[in-house]
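Report on the following structure.
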Amino acid sequence: MLAGLLLLITTLFAALFEWTGWVPAAPVAGMALTLYLILSLPKLAPTRIVFVIVAIGLSIIAITTRDDWSAILWRGMVQANFICGFFVALATLRVPAMRSEAINRAGRYIATQPPGRRYLALSSGGHLFALVLNYGSIQLLGSMVERLMGEESDPTIAKIRNRRMLLAIQRGFLASIFWSPLAFGPVITIDLIAGGSWAQLLPFGLLHAAIFTAGGWALDTALKPKVPGGRPVRRQVEGSARDLLPLLLLLLITLGGVGLLELATHLRVAAIVMVFVPLVALAWLLLESRQDSDDAVSVPETIHRFTALELPNYRAEIVLLVMAGFIGATGGAMAPPWIAALGIDLSALPVLALLFGIVIFIPIAGQLGMNPILGVVLFAPLLPSASELGIPPALLILSILTGWVLSGLTSPFTATTMLIGRFGGVSAWRAGVVWNAAFIALSTGLFLLSLTALLFATG
C-alpha cells in the first residue's frame with residue numbers, strides 16, 4: 001500500500017508543479033519518488049538495479065565535477081517526476097478499461113475478423129486500444145489471439161495466424177507513437193525540442209502513422225504464406241461494428257479534452273494528461289458502477305485495489321522509465337561540453353544527413369540495450385535547434401519519433417517486443433528482428449523517402 005501511495009503523491013505534486021510552477025512541489029514529488037525507489041530495490045531484477053546504479057553514479061559525477069550540479073540534478077528530478085506521474089495517470093485509465101465488457105466486446109470483434117480484413121483490423125485496433133491502454137493494448141489483444149489460437153485445430157495454421165496477428169497488433173501499437181498525446185514518445189520529444197508542440201506534430205505524425213500502417217498491410221498481403229491443405233475454415237466474427245462505438249467515444253472524449261485544454265492553457269500535453277486522464281478514468285468507474293450489478297466491486301474498493309495491488313505491480317516498468325528519464329536528462333545536460341571537447345559539431349552536417357542519422361541511431365542503440373527514452377533524452381539535447389537547421393521543429397520531432405518507433409519494432413529490450421515474443425512463444429530478439437526483418441527494411445526506406453519529401457516541401 002505504501003508504494004502505491006508514494007506513486008500517487010509523486011503524481012499529485014508533479015502535476016501541481018507542471019500546472020502552477022510552484023517550486024516546492026517538485027522536491028516533494030522527488031522525495032516521494034526517491035523513497036519509492038528505495039523500497040523497491042530489494043524486489044528489483046539486476047537489470048533494473050543497474051539503471052539505479054548508473055543514475056547514482058551520474059549524480060556523484062555531477063556533484064564533484066560541475067559548478068551547476070544542482071541545476072543538473074534538478075532537471076533530472078523534474079524529468080523523473082514527470083515520467084512517473086505520466087505513467088501513473090495512464091495506468092488509471094487501464095483500470096476501468098480492462099474491466100469494461102464494452103472494451104472486451106470491441107477487442108473480440110477486432111480479433112475475429114476474417115483473413116482479408118484481419119491485419120488492418122488488428123493493426124487499426126491495436127492503434128486505437130494503445131491510445132487508451134498503452135502497453136495494455138498488446139496484453140488485451142494478445143490474450144484474445146492466444147485464446148483464438150488455442151481453439152484452432154491445425155497447429156500449422158495456428159502458428160502462421162498467431163505470428164501475423166501479433167505483428168499486426170505490435171505495429172498498430174507502435175503507429176500511435178507518431179502522434180498520440182497519450183504516448184511517451186511524443187510527450188517527451190516535444191518537450192525536448194524548442195518550439196515544438198503537439199498541434200504542429202499532429203499532421204506529420206498522422207502521415208507517418210498512415211505510411212507505417214499501409215506498409216505493414218502491403219507486406220503482410222504480399223508475403224502471405226500458403227496454408228497446406230487448402231483454404232482453412234473461417235471462424236465466425238464475434239459481435240458487430242457497433243461494438244467499437246464505446247471505444248471511439250472514449251477516444252473522442254480523451255483526445256478532444258486533451259487537445260482543447262492544450263489550446264486553452266498552453267500547458268504541455270503531459271501536464272494536461274496527468275490531471276485530465278485520471279478524471280476521465282474516475283468518471284468511467286462511476287458510470288460503470290451504476291450499470292453493474294449489486295455484487296460488483298465498489299468504486300472505493302477499486303481505487304484501494306489499484307493503489308495497494310496494481311500500481312506496485314508496475315514496479316519494473318516504472319523504475320526503468322523513471323531511471324531512463326533521470327539518466328537521460330542529467331547525462332544530456334553534462335554531455336555538451338564533452339562533445340564540444342571532442343570537436344564534434346552536428347550542426348555542420350547536412351540537414352538530411354542529420355535527420356537520417358537520428359532515424360538510424362535510435363534503433364541501433366536499442367539493439368545495444370538502450371531504452372528509447374534513455375536514448376532520446378540523452379541524445380536530443382546534443383542536436384542543433386530546428387531554427388539553426390532552418391526546418392520546422394515538427395520535422396525534427398518526427399525524425400526522432402521515427403527512430404523511436406523503429407527501436408520499438410526491433411529492440412529486444414523494449415516492452416513491445418518482449419510482450420510479442422511471450423505471446424508468440426519466441427525470444428524477444430526473434431520477434432523483433434527476425435519476424436520484422438522485411439518490414440524493417442521497407443518501413444525504414446519509406447520513412448527516409450517521406451522525410452526527404454517533407455524537408456523539401458517545408459524548406
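Which number in (1) in contact (Cβ under 8 Å) with a residue 40 or more places away in the chain; (2) hydroxyl-bearing (Ser, Thr, Tyr); (3) open to solvent by 20 Å² or more (accessible area, probe 1.4 Å); (4) out of contact with any Asp or Glu (no Cβ under 8 Å at 6 or more places or on another chain) marks the one condition that residue 298 misses?
Just one mismatch for residue 298, condition (1).
Do we have residue 25 as of a type in the set (A, V, I, L, M), in contact with a Pro (Cβ under 8 Å, 6 or more places away or on another chain) and surrounded by 16 or more Cβ atoms within 10 Å (Cβ to Cβ) here?
When the stated conditions are applied, residue 25 does not pass them.
So how many residues does region 1-22 have that are open to solvent by less than 50 Å² (accessible area, probe 1.4 Å) and out of contact with any helix residue (DSSP H, G or I) (no Cβ under 9 Å at 6 or more places or on another chain)?
Final tally of qualifying residues: 1.
Which of the residues spanning region 336-367 are surrounded by fewer than 22 Cβ atoms within 10 Å (Cβ to Cβ), touching a helix residue (DSSP H, G or I) at 6+ places or on another chain (Cβ under 6 Å) and of a type in the set (Gly, Ala, Ser)?
Answer for region 336-367, where residues must be surrounded by fewer than 22 Cβ atoms within 10 Å (Cβ to Cβ), touching a helix residue (DSSP H, G or I) at 6+ places or on another chain (Cβ under 6 Å) and of a type in the set (Gly, Ala, Ser): 347, 365.
Got a number for residues in region 130-189 being open to solvent by 30 Å² or more (accessible area, probe 1.4 Å) and polar (S, T, N, Q)?
The qualifying residues number 4.
Name the pairs: first residue in region 200-212 and within 22 Å of residue 167 (Cβ to Cβ), second residue among the basic types (Lys, Arg) and in a helix (DSSP H, G or I), Cβ to Cβ under 7 Å, at least 6 apart or on different chains?
212/171
Take the conditions open to solvent by 20 Å² or more (accessible area, probe 1.4 Å), touching a helix residue (DSSP H, G or I) at 6+ places or on another chain (Cβ under 6 Å) and under 25 Å from residue 323 (Cβ atoms) and apply them to residue 378. Does it pass?
For residue 378, the condition - open to solvent by 20 Å² or more (accessible area, probe 1.4 Å), touching a helix residue (DSSP H, G or I) at 6+ places or on another chain (Cβ under 6 Å) and under 25 Å from residue 323 (Cβ atoms) - is met.
Within region 400-414, restricting attention to residues that are part of a helix (DSSP H, G or I) and touching a Gly at 6+ places or on another chain (Cβ under 6 Å), which residue is surrounded by the fewest Cβ atoms within 10 Å (Cβ to Cβ)?
It comes out as 410.
Which ones in region 381-399 are assigned to a helix (DSSP H, G or I), farther than 20 Å from residue 331 by Cα and open to solvent by 10 Å² or more (accessible area, probe 1.4 Å)?
Residues satisfying the conditions are 387, 388, 389, 393.
Does any residue in region 384-399 that is touching a residue at least 12 places away in the same chain (Cβ under 8 Å) come within less than 7 Å, Cβ to Cβ, of a residue that is crowded, with 17+ Cβ neighbours inside 10 Å and aromatic (Phe, Trp, Tyr) six or more places away or on a different chain, and which pairs are these?
Qualifying pairs under 7 Å: 394/204; 395/204; 398/204.
Anything in region 91-117 that is under 30 Å from residue 14 (Cα atoms), open to solvent by 10 Å² or more (accessible area, probe 1.4 Å) and not hydroxyl-bearing (Ser, Thr, Tyr)? List them, or say none.
94, 98, 99
Go through (1) in a helix (DSSP H, G or I); (2) at pLDDT below 95 for residue 174 and report which single condition fails.
That leaves (2) as the condition not met.
Suppose the filter is farther than 21 Å from residue 418 by Cβ, open to solvent by 10 Å² or more (accessible area, probe 1.4 Å), touching a helix residue (DSSP H, G or I) at 6+ places or on another chain (Cβ under 6 Å) and part of a helix (DSSP H, G or I); does residue 120 pass it?
Considered against the rule, which asks whether it is farther than 21 Å from residue 418 by Cβ, open to solvent by 10 Å² or more (accessible area, probe 1.4 Å), touching a helix residue (DSSP H, G or I) at 6+ places or on another chain (Cβ under 6 Å) and part of a helix (DSSP H, G or I), residue 120 comes out as yes.
In region 44-71, what count of residues is obtained for those that are in a helix (DSSP H, G or I) and over 24 Å from the mean Cα position of the chain (by Cα)?
Summing the residues that are in a helix (DSSP H, G or I) and over 24 Å from the mean Cα position of the chain (by Cα) in region 44-71 gives 14.
Please indicate, with yes or no, whether at least one residue in region 415-429 is open to solvent by 20 Å² or more (accessible area, probe 1.4 Å), farther than 27 Å from residue 133 by Cα and not in a helix (DSSP H, G or I).
no
Given the structure, is residue 66 modelled with pLDDT under 95, out of contact with any strand residue (DSSP E or B) (no Cβ under 8 Å at 6 or more places or on another chain), basic (Lys, Arg) and closer than 28 Å to residue 136 by Cα?
So residue 66 does not fit the description; no.
Could you grab me the full set of residues in region 190-211 that are crowded, with 18+ Cβ neighbours inside 10 Å and under 26 Å from residue 116 (Cα atoms)?
208, 209, 211
From 273, 280, grab the single residue that is more than 30 Å from residue 49 (Cβ to Cβ) and surrounded by 14 or more Cβ atoms within 10 Å (Cβ to Cβ).
Going through 273, 280 in turn, the sole match is 280.
The values are calculated or read from the model by the stated rules, or taken from the named source; none is laboratory data. Just so you know, these numbers come straight off a predicted model, no measurement behind them. Methodologically, a virtual Cβ is constructed for each residue, glycine included, from the backbone with ideal geometry; neighbour enumeration extends over all protein chains shown. Just so you know, the surface numbers come from the protein's heavy atoms only, side chains and all, with ligands and any DNA or RNA stripped out. Shrake-Rupley method; radii C 1.70, N 1.55, O 1.52, S 1.80 Å.
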